[in-house]
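This report concerns only the one structure given below.
No lab work stands behind these numbers, since they all come straight from the coordinates. Computed from a prediction, not measured in an experiment: that's the story for all the values here. All Cβ positions, even for glycine, are placed from backbone atoms using ideal geometry, and neighbour counts span all protein chains on display.
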Amino acid sequence: MVNTFSGAYGLGAGPPPRTPARTVAADLAKRLKSQRLARNLTQAGLAARSGVPLGTLKKFERTGSISLVSFIRLVVALGEQAGLERLMKTDARDSMTLDQMLATPKARKRGRIS
């Protein structure tokens, strides 16, 4: 009889498949670690500065898994909060009311030339 429940993740062997979200999370972890090392900070030093538990930081650098609040604390402790502010920057269209958006004429994208 073959055991189909092998591996640490339940069915099959190996970690779960890489989704776009996991890929982005792993990339952010790699970037944060790179910033930490560029500043000659140890994991314990960054954890102390940010108020994020050392185990949480270690897990994040290893897996990319962290809460948003803890991630923000780490970024702020590294002095990189400007990057977060640019991430979700609003433009003029975001501050418009629905009535203003509907009243704005749209340029035609296609059509016959007469």
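For Val52, what is the net charge nearby, where nearby means another residue's Cβ is under 12 Å from its Cβ and Lys, Arg count +1, Asp, Glu -1?
Local net charge: +4.
Spin-label model, Glu85/Asp99: points 7 Å from Cα along the beta carbon direction are separated by 3.3 nm.
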